[in-house]
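Chemist: Here it is, the structure in full.
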Amino acid sequence: MNKTATPSELAAAIRNVPDFPQPGIQFKDITPVLADPRLFASSIEHLVANVAPGSVSTVVGIDARGFIFGAAAALKLGAGFVPIRKKGKLPYQTFEESYDLEYGSNTVAIHTDAVRPGDRVIVIDDLLATGGTAQASAKLLKRIGAEIVEIVFLVELAFLNGRSRLEGFPVRSLIVY
Ligand code: AMP
């Protein structure tokens, strides 16, 4: 494999799509990173850089692009993969946590037997915006008694201050806007 791409090379590949899915949103499209084998592999290298293989039992990926990065990271670390999904999508018994949106609220869910008390986990998503999704996910894992080693994002929209909702958790992002 060629040399690992730097976070700025990853940033250069991420496509900004204005007004998607609604007016005023600058959507960060990470699919060009996934489509390029060197960039995809490099993004995983950076996401797991702080974690030694075998040192976490589980990578938790957040619906939906967190599944792509999370699953690849899990294979790299020799860890299992567990999805946190929007309410109503997981088939078995779930623990749930709701969080407020500008209008209304959202609920995330995890299977009750997917993570055990004391498990060491990392949490991965593609992007940190307002932090609501990641905060609810971290709360779920804390309620279960898991140890969150790190919460990592490919992209952070710092102007939305999502980090403030994740105080007390180790948070890292590769690319900051
Ligand atoms: P939030 O809960 O506000 O931090 O939103 C994070 C979730 O929404 C992540 O799973 C992202 O994939 C998605 N998301 C929010 N804003 C954007 C954006 N501007 N571009 C791409 N994805 C976004």
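Chemist: Taking the Cα centre of region 26-82 as origin and charging only Cβ (+1 Lys, Arg; -1 Asp, Glu), how large is the dipole, in debye to the nearest 20?
Modeler: Magnitude of the dipole: close to 40 debye.
Chemist: In whole Hz and in residue order, list the ³J(HN,Hα) couplings for region 21-31 that follow from phi through the Karplus curve 6.51 cos²θ - 1.76 cosθ + 1.60, θ = phi - 60°; x for Gly and Pro.
Modeler: x, 8, x, x, 8, 9, 7, 8, 8, 8, 4
Chemist: How much mean residue ellipticity at 222 nm does the chain get from its helices, if each DSSP H run of length 4 or more adds -39500 (n - 2.57) and you divide by all residues, to the nearest 500 deg cm²/dmol?
Modeler: Computed ellipticity for the chain at 222 nm equals -8000 deg cm²/dmol.
Chemist: Can I ask one more? Between residue 19 and residue 64, what is 0.36 nm times their sequence separation minus the Cα-Cα distance? Round to one decimal in nm.
Modeler: 14.2 nm
Chemist: Okay, moving on. Would region 1-87 count as rounded, prolate or oblate if I go by the C-alpha gyration tensor, calling it rounded below 1.5 in a/c and otherwise prolate when a/b exceeds b/c, oblate otherwise?
Modeler: Oblate, since a/c reaches 1.5 and b/c is not below a/b.
Chemist: Cross-link list 87/142; 86/139; 76/142: which exceed 21 angstrom alpha carbon to alpha carbon?
Modeler: Pairs exceeding 21 Å: 76/142.
Chemist: Something else about it: Against the 2.2 N^0.38 Å scaling, with N counting residues, where does the chain land? I'd like the Cα-based Rg ratio to two decimal places.
Modeler: Working it through for the chain, the quotient is 0.99.
Chemist: Hey, can you grab everything whose amide H is under 5 Å from the amide H of residue 5? Only 5+ residues off in sequence or another chain; H modelled, so Pro and N-termini drop out.
Modeler: When sequence neighbours closer than 5 places are left aside, the close amide H contacts are 42.
Chemist: Would you kindly state how much longer the chain becomes between residue 89 and residue 102 on full extension, computed as 0.36 nm times their sequence separation minus their alpha carbon distance, in nm to one decimal?
Modeler: Gain in length upon complete extension: 2.4 nm.
Every read-out reported here was derived from the displayed coordinates using simple, explicitly stated rules and does not represent laboratory data. Because the structure is a prediction, the values reported are computed rather than measured. Note that each Cβ is placed from the backbone with ideal geometry, even for glycine, and that neighbours are counted across all protein chains shown.
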